[in-house]
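Asker: Okay, here's the structure, questions in a sec.
Computed from the coordinates by the stated procedures, all read-outs in this text should not be read as laboratory data. What you see is a predicted model; the values in this text were computed from it and never measured. Note: ideal-geometry Cβ built from the backbone for every residue, glycine included; neighbour counts use all protein chains shown.
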């Protein structure tokens, strides 16, 4: 997929290397990059504040403070009242930061500059606060007096703008180093940092505003991308135009067992809502009556005997015969249960099925039992593990949140499959690229939403014939529900909304 470079995600080290290469190899000096960053930030801030505002600029000693000083200079020149507080004084500032302080003073405006924390009156109030204390290089707990000022800032009613990253937040993991600024806006300079979207990053960063810097695209080599509607809409394939309802194949769903039929119903309705021409639910005959009442417009293919309420190996040949009737994809797993007979049924079926399959829930448990089964040569799989299932698939007892990127990519390579790692954030990984959600995916953790997501992925995959795009589209569909404050159950449990 052709994805704009601006949606790449970088670690702190990757961002630093990009900055250094632009300076040393391309020839744009660091001071110019700082000026561009500060200018883009100032443009946004000017649109977000009133002209009679009074801002507090809290600065450390490094380039993060230099960015804040550029903003202060530009805002002061627009008659914004600015107070500059240097937490540790003005000795030993970085060279670019020092130069920007000199430029600020050359404005000959009445700008208040406080060079000692002891001289700062904490009873004062400000309309907005610029956080220019600590940048992306932080890798240890925040020390005094920065920790004390961060606590004070977070108690203020002011709008808080952080330069590049909230001070105290890890740019790699999104973990808080003791204390961190709780920003309303984070001005991302040149790159999206990985830590924005992991652990505490989502809450601490507030709204992330991307500020483009003149980094040459040839230096941007990250293989991790932020999922965003804008680029997805540009690369999304044209909708498949059917001549009849089975053009492009059908979606077969193998799901449900006694007591777990709700999962099968949710997944089936969700898949049908993507606009497919045909969805066929394969079910043990003992459960048919439940589905006849709840899935009126879905084709049901009962298997086995009337007393059968779960799948078993005896059903294998009958199921295979149904799968051969029409070309199509397979969704397997929601609500199947973990009866040993069902687990063996799943393993044997997936070991021989050479089509496209979305493998979810109990089917993930089945294929990871003892050891991962081998994927048939012509098969293509999408696996959709939640964090616990990812542990089972990888054989690990504990997984750090940020490790899910590499683990998902490694698992994708091992199985030659696509991995959709559910969580905050959710990750779509193949062997070469990862795509990460930049929005609240906690809605996916609600009971039943995994079944809904699996149905969406399976439906979009059949209609668009692109596994990565199918998974991304399904995640964005969930985002739209979250943005509209629509709970999954309120939307998905109404049959008329989906069928």
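Asker: Rg (Å, one decimal) plus Dmax (Å, integer) for the alpha carbons of region 234-498?
Answerer: 17.1, 50
Asker: Give me the percent relative contact order of region 366-442, please, defined on Cα pairs under 8 angstrom at least 6 residues apart.
Answerer: Reported as a whole number, the value is 26 percent.
Asker: Sticking with this one: Measure nothing fancy, just the Cα-based angle from helix 261-272's long axis to the longest principal axis of the chain, in degrees from 0 to 90, nearest 10.
Answerer: So the helix axis and the longest Cα principal axis differ by about 70 degrees.
Asker: Could you tell me how many degrees, from 0 to 90 and to the nearest 10, lie between the Cα long axis of helix 12-21 and the main elongation axis, the longest principal axis, of the Cα atoms of the chain?
Answerer: Tilt relative to the chain: about 60 degrees.
Asker: With 10 angstrom as the radius, rank 307, 112 by how many other C-beta atoms surround their C-beta, starting from the fewest.
Answerer: Going from sparsest to densest Cβ surroundings: 307, 112.
Asker: For the chain, what is the relative contact order in percent, using Cα pairs closer than 8 Å and at least 6 residues apart in sequence?
Answerer: Details: 1045 pairs, mean separation 61.9, N = 499.
It comes to 12 percent, rounded to a whole number.
Asker: Enter the mean projected area of the convex hull around the alpha-carbon atoms of the chain, in nm², rounded to one decimal.
Answerer: Average projection, Cα convex hull of the chain: 25.8 nm².
Asker: Percent relative contact order of region 5-222, based on C-alpha pairs within less than 8 angstrom and at least six residues apart?
Answerer: Once divided by the residue count of region 5-222, the mean separation gives 23 percent.
Asker: Okay, next question. Can you tell me the 0 to 90 degree angle between the C-alpha axis of helix 403-415 and the longest principal axis of the chain, rounded to 10?
Answerer: In the chain, helix 403-415 runs at an angle near 40 degrees to the longest axis.
Asker: Hey, another quick one. Sum -39500 (n - 2.57) across every DSSP H segment of at least 4 residues in the chain, then divide by the residue count to get the 222 nm mean residue ellipticity, nearest 500. Don't skip to the end; give the middle numbers.
Answerer: On the way: 18 runs with 183 residues, N = 499.
One gets -11000 deg cm²/dmol as the mean residue ellipticity at 222 nm.
Asker: Oh, and also: At 0.36 nm per residue, minus the direct Cα-Cα distance, what do residue 326 and residue 292 gain on full extension? Give it in nm, one decimal, please.
Answerer: Separation in residues times 0.36 nm, less the Cα-Cα distance, equals 10.1 nm.
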